[in-house]
Amino acid sequence: MPNPEDLIETLPARTRALREEVAKAIVGQERVVEDVLLGLYCGEHVLLTGVPGLAKTLLIRSLAEALDLDFKRIQFTPDLMPADITGTEIIQDDPVKGTRALKFMPGPVFTNLLLADEINRTPPKTQAAMLQTMQEREVTVGRETMPLPKPFHVFATQNPIEMEGTYQLPEAATDRFMLSVSIHYPEPAQEVEMVRRTTGTVRPALEKVMNGDDLLAIQRLVRAVPVSDEVIRFAVDLVGSTRPDGPRATEQVKRFVRWGAGPRASQYLILGAKGRAAMIGKPCADVEDVRSVALLVLRHRILTNFKARSEGMDADRLLDGLVKAATI
């Protein structure tokens with residue numbers, strides 16, 4: 001188990017090494033990689049939004065390889081059933097004893113890094129099967145409850161341009177994701193390099209930079225990063241400003257927002273600020289760390305109304321103004 005004092009000093013360098021290793025497989029997208037690492041370091045789940053072909057699967061698989069963790073992918077479809085995710089019990093014959101017994105066959109959720117691809121393309125019944133796994137890190141089948149491996153993280157993808165045949169992710173499920181990361185098209189030079197790498201015969205082999213025990217130690221370290229009450233109040237006030245019926249709501253929020261962020265957003269703002277501070281070697285989390293993670297934490301927790309959509313006001317634009325205007 002890594003020594004906490006050594007981990008504090010070496011974490012920025014180890015993070016750089018991990019990013020450099022992932023860069024062997026992923027061209028560009030440096031900020032996306034950093035945001036996904038933040039979710040891992042905080043011990044939470046991440047929602048990835050982007051059009052197909054932006055290497056979301058490759059990113060998570062490459063991270064699993066560099067971290068020496070198990071990786072599985074589920075393609076969510078309209079006919080996917082909860083048992084296809086969690087696993088099911090089957091009847092198994094014992095030829096020696098001549099008896100039959102139920103045996104549990106684990107589903108793909110029993111892994112370290114799980115990619116839930118197009119999670120909004122499966123019905124709510126199947127989406128609900130993810131709630132216990134994400135919140136409690138366990139699976140209940142019949143009368144038995146089984147813990148999931150540690151560490152365990154869900155990375156879910158959503159296609160933002162295709163709505164046919166999709167089911168809106170319930171707010172209870174969306175709220176379980178600490179961060180919402182938007183993935184955009186690469187720059188032309190990056191796309192040229194991406195095409196060059198992916199149309200050849202060589203796939204780079206990634207070295208193992210850390211392992212599961214290292215990641216669990218980092219997650220404990222992040223939670224131990226100190227933060228002042230003043231910074232916590234700043235985070236709570238920022239979240240409060242997103243609620244249209246709250247005392248801190250601006251005229252824009254009252255006009256464009258149906259529902260603001262809940263208390264889990266305040267928790268994740270502080271946890272994310274701690275994670276960001278640890279990643280760059282700061283001794284404590286401050287207001288700027290909260291600002292740096294605000295969009296990631298809040299964008300999927302703000303429900304805008306029809307007036308916002310008709311006037312081209314989305315959650316990102318609204319939050320950008322709130323973060324800039326927020327003061328201690």
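Please treat every number below as a calculation from the coordinates, not as lab data. Predicted, not measured: the structure shown is a model, and the values here were computed from it. For neighbour counting, all protein chains shown are included, and Cβ atoms are generated from backbone atoms with ideal geometry for every residue, glycine included.
A few comments on the model shown:
- Modelled FRET efficiency - R0 41 Å, Ala101 with His184, Cβ distances, 0.05 increments: 0.20
- Using only alpha carbons, the range 219-328 has a radius of gyration to Kirkwood radius ratio (Rg to Rh) of 1.01.
- Candidates Ala156, Ala116, Ala129: whichever shows maximal mean-square fluctuation once the chain is modelled as a Gaussian network with Cα springs under 10 Å: Ala129
- Helix 263-280 vs. the chain, principal-axis angle (Cα, 0 to 90°, nearest 10): 90 degrees
- log10 of Debye I(q)/I(0), alpha-carbon scatterers only, for the range 182-240 at 0.13, 0.16 Å⁻¹: -0.78, -0.85
- Shown for the range 226-328: lysine pairs separated by 8 or more places, or found on different chains, whose C-alpha atoms are under 24 Å apart, numbering 6.
- Counting charges near Leu69 (Lys, Arg +1; Asp, Glu -1) among other residues having Cβ under 13 Å from its Cβ returns a value of -1.
- Rg over Rh [alpha-carbon atoms, Kirkwood Rh] for the range 100-232: 1.03
- For the range 1-148, a Kirkwood radius taken over Cα pairs fed into Stokes-Einstein (37 °C, viscosity 0.692 mPa s) yields D = 185 µm²/s.
- Between helix 315-325 and the chain: long-axis angle, C-alpha atoms, 0 to 90°, nearest 10: 50 degrees
- Cβ crowding within 10 Å, taken as a proxy for footprinting-reagent exposure, orders Leu215, Leu131, Leu298, Leu269 from fewest neighbours to most as Leu131, Leu215, Leu298, Leu269.
- Note on Leu48, Leu216: ascending count of other Cβ atoms within 10 Å places them as Leu216, Leu48, the fewest first.
- Phi-based couplings in Hz for the range 66-72 (Karplus 6.51, -1.76, 1.60; Gly and Pro marked x): 6, 9, 6, 10, 6, 10, 9
- Ile85, Ile232 arranged by Cβ crowding within 10 Å, fewest neighbours leading: Ile232, Ile85
- Debye log10 I(q)/I(0) for the chain, one point scatterer per Cα, at q = 0.08, 0.14 Å⁻¹: -0.41, -1.21
- In the range 175-256, trypsin sites (Lys or Arg not before Pro) in a DSSP loop with at most 16 other beta-carbon atoms within 10 Å: Lys208, Arg248
- Crossing angle, helix 188-198 versus the chain [Cα axis fit, 0-90 degrees, rounded to tens]: 10 degrees
- In nm, spacing of pseudo-spin labels at Asp229 and Lys282 (7 Å Cα→C-beta vector): 2.1 nm
- Highest-fluctuation residue, Gln29, Gln252, Gln267 considered, GNM on the chain with Cα pairs under 10 Å: Gln252
- The range 226-328, dipole about Cα centre (Lys/Arg Cβ +1, Asp/Glu Cβ -1), debye to the nearest 20: 340 debye
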